[in-house]
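Each remark here refers to the structure printed beneath this line.
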Amino acid sequence: MVTEQRPVSRLGTVPPRVWLALVLLVLAVVFILQNRQDAVIQLFMIVVTAPLWITLVACTAIGILIGALIGRRGAKGR
């Protein structure tokens with residue numbers, strides 16, 4: 001009896017949550033690239049003018065950091 005061996009694809013071994021994260025990352029990058037005008041940022045009494053894409057990158061990085069910190073805390077509790 002001859003058995004056929006199908007080529008193993010590494011794409012099939014990637015979990016769905018990784019695909020979702022990649023899609024969200026691509027959407028975030030596209031959103032950032034489409035919003036490059038200047039923005040006025042006011043936090044309490046501090047006023048800063050910066051390109052909107054820098055503000056969006058900073059907010060995305062802060063969100064990733066918060067998610068990582070919450071994820072680690074949740075993993076320790078299990």
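Looking at region 11-23, which of its residues are exposed (fewer than 11 other Cβ atoms within 10 Å of the Cβ) and part of a helix (DSSP H, G or I)? Write out each step before concluding.
Residues of region 11-23 exposed (fewer than 11 other Cβ atoms within 10 Å of the Cβ): 11-13, 15-18, 20, 23.
Correct list: 11, 12, 13, 16, 17, 18, 20, 23.
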Matching residues in region 31-61 (closer than 20 Å to residue 17 by Cα and among the aliphatic types (A, V, I, L, M)) number 1
I'd like to know if region 38-53 contains one or more residues that are of a type in the set (A, V, I, L, M), surrounded by 11 or more Cβ atoms within 10 Å (Cβ to Cβ) and either at pLDDT below 85 or in a helix (DSSP H, G or I) (or both). yes
Number of the exception - residue 29 against (1) part of a helix (DSSP H, G or I); (2) among the β-branched types (Val, Ile, Thr); (3) touching a residue at least 12 places away in the same chain (Cβ under 8 Å): (3)
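The values are calculated or read from the model by the stated rules, or taken from the named source; none is laboratory data. No experiment lies behind these values; they were computed from the predicted model shown. Methodologically, a virtual Cβ is constructed for each residue, glycine included, from the backbone with ideal geometry; neighbour enumeration extends over all protein chains shown.
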